[in-house]
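Working notes, beginning with the structure itself.
Since every read-out is calculated from the coordinates, none of them should be taken as a lab result. In this text the structure is predicted, and so the values were computed from the model without any measurement. Note: ideal-geometry Cβ built from the backbone for every residue, glycine included; neighbour counts use all protein chains shown.
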Ligand code: SF4
């Protein structure tokens, strides 16, 4: 497919980020990975300069190979048992009051890495119980006991992205299943009412408006509280091409539709990513 020209609204000015080096040196010092770097996120400069980062646990090699994702695919090594402590140390050093913990998908592990998520939450809470924790989890192949392990630690927000409309799963998330992702969100809400749930998807992969509206409806039916909608950007030439660049007004329209459908907060814009401004999203809801 012919490459589309990037429109003017996607040309991002790099902010002056004097703190970028500070965050980077902390994560490097304890040998951690950030999804910001691995996924080549366009907001990296902005987030690092605010002293925030989304920490990637369980290594940086994923057992799946989603068509939109820049993370390395292959057979990962065993989890680093010391990693939960390292994460807690980095979070404290960065002075974070809100942290997002995510992982690659670890289909090679019997619990999908759920116990590692649980230990990481415990380690952070042991250092400072006031820190708010959002976990952005894989689908654990739909295993309810893995989900229960994570939810049992009481994360403040349970985030799991549906990424796109069901028709495009074959290309975009070939090893995932739309229903399974919705069920995970629904089960989370049903079993742990006080944990807020969150999901997100990308526009620009060829989805239709009707499909997007169905996606909104499905997520609401699953009890999803927060929604993030952003523009898909091709991270590397061997990844899926962008089918369409969505103008900012359309993102605004979807935000209004989502708010009318009673999502607690909808972040919708070309540069919105799953954990972008996550702390603000959480605190706005809590303070309401
Ligand atoms: S499961 Fe997540 S990390 Fe793995 S390839 Fe897909 S999007 Fe990337």
Worksheet item: Calculated FRET efficiency, residue 253 and residue 11, Cβ-Cβ r, R0 30 Å, to nearest 0.05?
Response: 0.85
Practice prompt. Consider just the alpha-carbon atoms of region 228-288 and return their Rg together with their Dmax, both in angstrom.
Written response: 13.5, 44
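Mean 1/r over all different Cα pairs, inverted: what Kirkwood radius does region 101-246 give, in Å?
16.0
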Worksheet item: What is the distance, in nm, between label points placed 7 Å from the Cα along the Cα-to-Cβ direction at residue 209 and at residue 170?
Response: 2.6
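Let me have the relative contact order for the chain, percent, based on Cα pairs under 8 Å that are six or more residues apart.
Numbers: 517 pairs, mean separation 45.5, N = 288.
This gives 16 percent for the chain.
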Worksheet item: Across the Cα atoms of region 80-167, what radius of gyration and what greatest pairwise Cα-Cα distance (Dmax) are found, in Å?
Response: 13.2, 44
Worksheet item: Among rounded, prolate and oblate, which fits region 186-288 when a ≥ b ≥ c are the square roots of the eigenvalues of its C-alpha gyration tensor, a/c under 1.5 means rounded, and a/b larger than b/c means prolate?
Response: prolate
Practice prompt. Pull up the DSSP beta bridges for the chain and report the antiparallel fraction as a percent, rounded to 5.
Written response: 5
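Please work out whether region 129-178 counts as rounded, prolate or oblate from its C-alpha gyration tensor, where a ≥ b ≥ c are the square roots of the eigenvalues and a/c under 1.5 means rounded, while otherwise a/b larger than b/c means prolate and anything else oblate? Could the numbers behind the result be given before it?
Working: a/c = 4.23, a/b = 1.99, b/c = 2.12.
In terms of gyration-tensor shape, oblate.
Which of rounded, prolate, oblate describes region 30-119, given a ≥ b ≥ c as roots of the alpha-carbon gyration tensor eigenvalues and a/c under 1.5 marking rounded, otherwise prolate only if a/b is larger than b/c? Show your work: numbers first, answer last.
Numbers: a/c = 2.34, a/b = 1.22, b/c = 1.92.
Verdict is oblate for region 30-119.
Per the helix-only calculation at 222 nm, which mean residue ellipticity applies to the chain, given -39500 (n - 2.57) for every DSSP H run of n ≥ 4 and division by its residues, nearest 500 deg cm²/dmol?
Details: 11 runs with 108 residues, N = 288.
It lands at -11000 deg cm²/dmol.
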Worksheet, complete the sentence: Semi-axes (Å, rounded, descending) of the ellipsoid equivalent to the chain per its C-alpha gyration tensor are 27, 22, 20
